[in-house]
1. For the chain, with only Lys/Arg (+1) and Asp/Glu (-1) charged at the beta-carbon, what is the dipole magnitude about the Cα centre, in debye rounded to 20?
2. Taking the Cα of D392, stepping 7 Å toward and past its beta carbon, and measuring to each backbone N in segment 333-374: which are under 15 Å?
3. How big is the dipole moment of segment 271-355 about its Cα centre under a simple scheme where the beta carbon of each Lys and Arg is +1, that of each Asp and Glu is -1, and everything else is neutral? Debye, nearest 20, please.
4. When the expected Rg is taken as 2.2 N^0.38 Å, what fraction or multiple of it is the alpha-carbon Rg of segment 317-403?
5. Putting +1 on Lys and Arg Cβ atoms and -1 on Asp and Glu Cβ atoms, find which of G378, V359, G271 reaches farthest to the positive end of the dipole of the chain.
6. With bins 5 Å wide starting at 0, give me the P(r) of segment 24-301 over every alpha carbon pair, in whole percents.
7. Can you find, among Q81, M173, G208, the residue sitting farthest towards the positive end of the charge dipole of segment 24-301, where Lys and Arg contribute +1 and Asp and Glu -1 at Cβ?
8. Give me the percent of DSSP beta bridges within the chain that run antiparallel, rounded to the nearest 5.
Amino acid sequence: MMRKIICQNALRTAGYSRLLTHLSAFPNSKNVNEIEKRENLKKANRVVIKVGSSVVINPNGHLSLSKIGGLVEQLRILKQQGREVLLVSSGAVGLGRCILGMEKDVIADPANVIDRQACAATGQEMLMSTYYSMCSALGMECAQVLLTQQDFSSPQRYTYLTDTIEKIMKQGMIPIINENDVVTGCQELDKERCFSDNDMLSALVAAGVQANAVAIMTDVDGVYTRPPEIQGAKRISLFSQDSDVNISNKSSFGRGGMASKISAAKTAADGGACAIIANGSNIANVSRIFNGEVVGTLFPSVNAPPSRIHHWLAYAATCSGKLTVKSSAMAKLEDTKQEALFIDDILGVNGMFGASSAVSLMSERGDKELARGLVQCGATEIEKQLGKHLYDLAVMKSSDMVVRA
């Protein structure tokens with residue numbers, strides 16, 4: 001996955017950057033005024049709150065009515081402040097496991113796809129009905145939004161998704177979002193996954209709806225220099241490119257572990273939203289975050305975020321094929337000396353795809369992805385024209401492209 005994008009402000013046009021470059025997103029801590037950065041959270045008018053299973057479920061696996069009630073009250077406070085609120089909530093699989101009487105080890109085993117999906121189906125109904133009841137009791141309305149990888153697979157589906165969420169918010173409702181684990185329990189069958197947990201899902205949704213902030217609520221106080229249980233570990237208040245973080249192997253690749261949360265926070269910041277990782281065990285931290293208080297770990301947003309489509313290309317797009325391109329062509333594109341990638345710049349085509357599909361641009365040796373973008377014509381047409389030296393037939397506009405750092 002691309003972790004840096006290239007942005008050239010001088011070449012930015014309405015709605016698109018001409019060519020994306022590095023979002024060296026996280027400024028040096030020496031040059032950052034943390035108080036000022038946190039003060040900006042007071043002005044955030046569209047916010048995403050992500051809560052993990054530990055925030056809504058008790059240690060015994062049962063739903064915590066007091067925790068969810070406290071969370072919904074926090075959402076009401078944000079709404080009363082004039083903010084639009086989106087909630088990304090985990091917990092369905094854990095609740096379903098408890099209801100069905102299954103052990104943790106059963107659903108943790110990747111081979112038990114059906115068990116995991118059955119748990120999701122059972123738990124999601126209880127989770128959503130609880131949110132609905134508590135929102136109604138406080139005079140609010142909510143709407144369930146269940147997502148899969150396919151909802152991010154093409155610019156058309158991505159636009160339908162974000163437009164639907166926009167419509168829900170315009171009606172004054174709170175979208176309550178979760179991955180649809182009922183049909184996506186078998187991760188091994190997905191060749192490309194733009195998100196592997198709700199942390200990254202919240203970041204992608206935030207970029208899609210152009211939210212100002214994302215609060216990732218978990219069971220620790222933020223990002224630490226070492227695992228919190230290790231002596232000498234210190235909480236990082238403001239994350240920067242110089243931050244020294246040592247994450248234990250156990251959490252590095254776990255679903256929803258701290259490594260995942262840091263990656264999601266960086267992705268959200270690259271999309272133009274301030275991101276905070278904070279402790280949701282004290283649910284009042286939600287209000288404190290948006291009052292500008294020093295809570296959790298803050299990831300400042302980039303100064304010039306990419307357009308929504310460019311962020312989608314970099315972090316969420318499923319590429320339908322590959323184009324092998326000449327090194328000289330990529331050099332010209334990166335130097336902004338060329339407006340588009342032309343047929344004569346293409347050495348080979350891999351895969352079947354139509355016009356407007358997302359494809360990867362590969363190095364001459366085919367071993368490195370250099371960029372990705374939306375093609376103007378399909379694979380069949382490109383193959384027919386290869387070698388004809390058609391310098392004026394554009395395959396991909398530079399404005400529809402992101403370049404890998």
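Any read-out appearing in this document is the output of simple, stated calculations on the displayed coordinates, not a laboratory observation. This structure is a prediction, so every number in the text was calculated from the model and none was measured. Please note: Cβ atoms are built from the backbone with ideal geometry, for glycine as well, and neighbour counts cover all protein chains shown.
1. Dipole of the chain, to the nearest 20 debye: 800 debye.
2. 342-344
3. Using Cβ point charges on Lys, Arg, Asp and Glu, segment 271-355 gives about 160 debye.
4. It is 0.94.
5. Looking along the dipole axis, the top candidate is G271.
6. All Cα pairs, binned at 5 Å, distribute as 1, 6, 13, 17, 20, 18, 14, 8, 3, 1, 0 percent.
7. Q81
8. So the antiparallel bridges in the chain amount to around 45 percent.
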